[in-house]
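Notes for the one structure printed next.
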Amino acid sequence: MAFLPIAMAAVAAVGAIEQGLSAQQAGKFNAEVATRNQILSNQNAAQDATAQAASAARRIGATRAAYAKGGVQLDEGSPLTVLEDSARAAELDRQTILYGGRIQAQGYGDQSHLDTYSGNAAATAGYVGGASSLLKGGYDMYSRQPTAAATGGGYSLPKAAP
């Protein structure tokens with residue numbers, strides 16, 4: 001029965017370490033998912049920006065064709081200004097889509113780093129908890145050991161009066 005505290009401490013230590021390692025694995029997995037989401041976010045934004053630019057080019061082309069069909073001169077004046085403004089607005093839309101994708105991707109990147117850090121911290125906490133359990137078990141076992149004086153097997157000095 002003297003080794004029961006240390007055995008219980010060993011079981012608690014293994015449990016704490018396993019819990020920490022499991023949390024670390026979960027953090028690692030979550031970080032990998034966030035990293036994949038980061039890549040996908042950039043790819044989706046690029047695809048959306050390309051689609052938006054193509055759509056804008058079609059709209060501007062249709063406007064040019066309508067002007068030409070109506071006999072409007074495109075080399076100066078209001079029609080040219082309208083086309084230039086449309087082109088600027090289309091580019092701004094494209095850049096806005098890309099920027100939104102970068103912002104979203106940055107969030108996923110930050111989440112990836114946070115998940116990795118949290119997982120590593122959980123693993124460290126598991127090791128510390130395991131070591132603490134072992135130390136407590138050793139202390140409990142040591143503190144429960146009878147002394148020679150308590151068992152009648154030796155001489156002990158009298159206690160000093162208070």
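Just so it is clear, none of the values below were taken in a lab; they were calculated from the coordinates. As the structure is a prediction and not an experimental result, all values here were calculated from the model. Quick reminder, even Gly has a Cβ in these numbers, built from the backbone with ideal geometry, and neighbours come from all protein chains shown.
If each of ASN44 and LEU114 carries a label point 7 Å out from its Cα toward its Cβ, how far apart are those two points in nm?
1.8
What angle do you read, to the nearest 10 degrees and between 0 and 90, between the alpha-carbon axis of helix 78-143 and the longest principal axis of the chain?
For 78-143 against the chain, the angle is about 10 degrees.
Whats the longest run of the chain with zero trypsin sites (Lys or Arg not before Pro) that are DSSP loop and have at most 12 other Cβ atoms within 10 Å?
The longest uninterrupted stretch comes out as 1-143.
Could you give the angle, 0 to 90 degrees to the nearest 10, between helix 4-69's Cα long axis and the longest principal axis of the Cα atoms of the chain?
Helix 4-69 sits roughly 0 degrees off the main axis of the chain.
Which value in nm describes the separation of the simple spin-label points at VAL82 and GLN25, placed 7 Å from the Cα toward the beta carbon?
According to this spin-label approximation, the distance is 6.5 nm.
Name the most mobile residue of SER78, SER118, SER22, meaning the one with the largest mean-square fluctuation, in a Gaussian network model of the chain with Cα contacts below 10 Å.
Residue with maximal mean-square fluctuation among SER78, SER118, SER22: SER78.
Running a GNM on the chain with Cα contacts under 10 Å, which residue among THR124, THR81, THR96 ends up with the highest mean-square fluctuation?
Sorting by GNM fluctuation, first place goes to THR81.
Picking from ALA56, ALA122, ALA65, which is most flexible by a Gaussian network model of the chain using Cα springs under 10 Å?
For the chain, modelled as a Gaussian network with Cα springs under 10 Å, the answer is ALA65.
For the range 4-143, max minus min Cα coordinate along each principal axis, in Å, sorted largest first?
Answer, in whole Å and largest first: 103, 17, 10 Å.
If I model a spin label at SER143 and ALA131 as a point 7 Å from the Cα along the Cα→Cβ vector, what separation in nanometres do I get?
Here the modelled spin labels are 2.1 nm apart.
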